[in-house]
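To start, the structure under review is shown below, and the notes come after it.
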Amino acid sequence: MHELRFGLTAPAACSYLAPQQEQLVFLLPEQPLDAALYQQLLQLNFRRSGEQVYTPHCPACRACHSVRIQHADFKASRSQRRMLNKAARAGWHYELRENASTDYFALFSAYISHKHANSSMFPPTRAQLDAMLGCSWLKVRYLEQYYQQQLVAVSIVDETADAYSAVYTFYHPDVSAFSPGLLAILYLLQCAARQQKNWLYLGYQIDQCRKMAYKAAFLPQQRFIQGEWHSFG
């Protein structure tokens with residue numbers, strides 16, 4: 001990796017752990033980025049948001065651990081197999097697309113209004129969604145889930161030569177019983193196997209945050225802790 005220049009954000013209230021202050025290290029925007037460099041940064045606890053790449057660097061907390069799964073090692077649990085079977089019996093199916101098949105904003109708006117009405121993401125805006133959907137230096141894919149021939153869930157997924165990285169999933173509240181967010185992870189592991197990607201990155205796991213607990217159920221997995229990848233499960 002060539003020499004890179006980074007910046008540090010000012011402290012702000014953490015979105016996940018109320019007593020904590022959050023700071024982020026980010027790659028300064030004038031530097032050239034591409035998928036090969038981003039793959040290296042993924043291995044060092046970084047994530048993408050829009051055109052920017054960042055990693056947590058909080059003054060008194062190291063709770064954010066990047067999670068990745070190697071599809072060849074993953075073993076679906078009994079509950080995960082039941083989830084897949086339930087969706088299959090209902091005629092549920094998915095497609096991983098290179099381009100968005102339709103305008104996702106209505107689906108995104110319904111999801112944010114239902115799940116995050118009390119958060120900084122409300123009210124939903126098209127600018128919010130557009131910032132996640134595209135990236136000038138990286139291939140972005142779209143995992144679409146369908147129920148009764150209707151698009152009901154979308155996952156925004158970054159692609160590198162060796163990995164998929166799940167960025168964000170949103171779905172219609174009416175299909176919550178099918179757990180589309182969890183199905184997205186299982187389907188992306190299937191896609192990784194077909195496309196011979198070694199890894200699926202899931203973002204950050206924060207053990208003290210209930211909203212993050214679902215990631216711990218996908219085993220075995222690796223977490224980036226104090227500068228090294230550690231195996232769990």
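Please specify each residue of the range 173-227 satisfying the condition of being touching a helix residue (DSSP H, G or I) at 6+ places or on another chain (Cβ under 8 Å), among the polar types (S, T, N, Q) and open to solvent by less than 50 Å² (accessible area, probe 1.4 Å).
If the condition is that a residue be touching a helix residue (DSSP H, G or I) at 6+ places or on another chain (Cβ under 8 Å), among the polar types (S, T, N, Q) and open to solvent by less than 50 Å² (accessible area, probe 1.4 Å), then Ser179, Gln205, Gln221 are the ones that fit.
Of everything in the range 106-129, what is under 22 Å from Leu188 (Cα atoms) and free of Cβ contacts under 8 Å to residues at least 60 places away in the same chain? Give them in sequence order.
Residue satisfying the conditions is Leu129 alone.
Tell me, please, whether a residue that is more than 27 Å from Tyr146 (Cβ to Cβ), at pLDDT 95 or above and in contact with a His (Cβ under 6 Å, 6 or more places away or on another chain) can be found in the range 22-32.
The answer is yes; a qualifying residue exists.
Can you tell me which residue within the range 16-29, out of those that are open to solvent by 80 Å² or more (accessible area, probe 1.4 Å) and in contact (Cβ under 8 Å) with a residue 24 or more places away in the chain, is farthest from Arg68 (Cα to Cα)?
Gln21
Would you be able to say whether some residue in the range 3-10 is surrounded by 14 or more Cβ atoms within 10 Å (Cβ to Cβ) and either among the polar types (S, T, N, Q) or within 19 Å of His65 (Cα to Cα) (or both)?
no
Name the residues in the range 50-78 that are open to solvent by 60 Å² or more (accessible area, probe 1.4 Å), in contact (Cβ under 8 Å) with a residue 60 or more places away in the chain and not aliphatic (A, V, I, L, M), would you?
Residues satisfying the conditions are Glu51, Arg62, Asp73, Lys75.
Report every pair of residues separated by at least 6 positions or lying on different chains whose Cβ atoms are under 8 Å apart, first residue within the range 164-181 and closer than 18 Å to Ala213 by Cα, second modelled with pLDDT under 95 and open to solvent by 30 Å² or more (accessible area, probe 1.4 Å).
Once the first residue is closer than 18 Å to Ala213 by Cα and sits in the range 164-181, its partners that are modelled with pLDDT under 95 and open to solvent by 30 Å² or more (accessible area, probe 1.4 Å) give Val167/Met132; Tyr168/Met132; Gly181/Tyr214.
Among the residues in the range 82-103, are any surrounded by fewer than 19 Cβ atoms within 10 Å (Cβ to Cβ), farther than 23 Å from Ala184 by Cα and touching a helix residue (DSSP H, G or I) at 6+ places or on another chain (Cβ under 7 Å)?
no
The values are calculated or read from the model by the stated rules, or taken from the named source; none is laboratory data. Every value quoted in this text rests on a predicted model; they were computed, and no experiment measured them. So basically every Cβ, Gly included, is an ideal-geometry build from the backbone, and we count neighbours across all protein chains shown. Please note that ligands, DNA and RNA were not included when accessible areas were found on the heavy atoms of the full protein model with its side chains. Shrake-Rupley method; radii C 1.70, N 1.55, O 1.52, S 1.80 Å.
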